Amino acid sequence: MESGVLTLKDPRPEVIGRSWNYFVGVSAQQFQPEGRVTNDLNNTFDLGQQGQTLMPGIEFGVISQDFYANSILLNFGAQLKGSFSSQSVAVTYPSGQVIDDARLNTTLFSVGPTFAARWERYDWLTFIFTPEFGSLRYTQTSSSSYGQFSKSAAYRALTAGFDFKVADKVSVFTTYSQRDLDDSQLALQKDNFELGTKVTW
């Protein structure tokens, strides 16, 4: 009772009727293009010569309500994730002329199940594990067909990390991914760290 105003709060926890929660998140990672690409004009490009770039990403998914296993809370669900980067690159003709408008665009897209576990006593910290099945695409654009190409390949990844709860429905997370690309010419960083934040409701 303060200043003549009475505030009442229901002590019971919030009851969620549905079986699933939804989440959406944004993230960022340092990305290094790798591999060699030959376009339709038989021009070969070494992607490893390009520098690192910042790759933002977005993810959507569903996660189950808590399952109790003694003092451990377990969840499972599925997620869909996409990341994109674009960087200016140098392309030179055999004559020495430089194409100054070429850009290398990289797209990562993946889906997979996700599993989470946390101790009931420390419910602000969650361990996350996600097997991913995805697609990598390198696309280089240019005003000259000499500097253009588009190549893609499938990859698999195992991602593990921690989710830190900072508010009722908001958390920040960090993950480590081990990736394996199904291609003999293209390449993808095998070890990668990512930082992000997400909202769950």
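The values are calculated or read from the model by the stated rules, or taken from the named source; none is laboratory data. Just so it is clear, the structure is predicted and the values come from calculations on it, not from any experiment. Methodologically, a virtual Cβ is constructed for each residue, glycine included, from the backbone with ideal geometry; neighbour enumeration extends over all protein chains shown. Just the protein is used for accessible areas: all its heavy atoms, side chains included, with ligands, DNA and RNA removed. Shrake-Rupley method; radii C 1.70, N 1.55, O 1.52, S 1.80 Å.
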Task: Linear extension gain, Q30 paired with D46, 0.36 nm per residue minus alpha-carbon span - done: 3.9 nm
Open item on the list: Could you order the peptides 168-175, 30-37, 90-97 from most to least packed, using the average number of other C-beta atoms within 10 Å per residue?
Closed with: 30-37, 168-175, 90-97
Open item on the list: Around R137, under 15 Å between beta carbons, what's the net of Lys plus Arg minus Asp minus Glu among the other residues?
Closed with: +1
- [ ] Would you grab the residues whose amide H sits under 5 Å from the one on Q148? Only those 5+ places off in sequence or on another chain, please, with H modelled 1.01 Å from N.
- [x] none
- [ ] Determine the sum of side-chain charges near A153: Lys and Arg each +1, Asp and Glu each -1, restricted to other residues whose C-beta is under 10 angstrom from that of A153.
- [x] 0
Task: Phi-based couplings in Hz for region 116-127 (Karplus 6.51, -1.76, 1.60; Gly and Pro marked x) - done: 9, 8, 8, 7, 4, 5, 10, 6, 7, 10, 10, 8
- [ ] Would you mind working out the accessible area per residue for region 46-112, using a 1.4 Å probe, and quoting it in Å²?
- [x] 53 Å²
Task: Percent accessible area from carbon and sulfur atoms, region 20-200, protein chains only, probe 1.4 Å - done: 58 percent
TODO: Select one label from [x] 50, 35, 27; [y] 50, 41, 36; [z] 83, 43, 24: the one whose number is Cα extents along the principal axes in Å as derived from the coordinates shown.
DONE: [z]
TODO: Would you mind calculating the relative contact order of the chain from Cα pairs under 8 angstrom and at least 6 residues apart, reporting the percent as a whole number?
DONE: 20 percent
Open item on the list: Checking the cross-link filter: which lysines have an alpha carbon closer than 22 Å to that of K198, excluding same-chain neighbours under 8 positions apart?
Closed with: K81, K165, K169
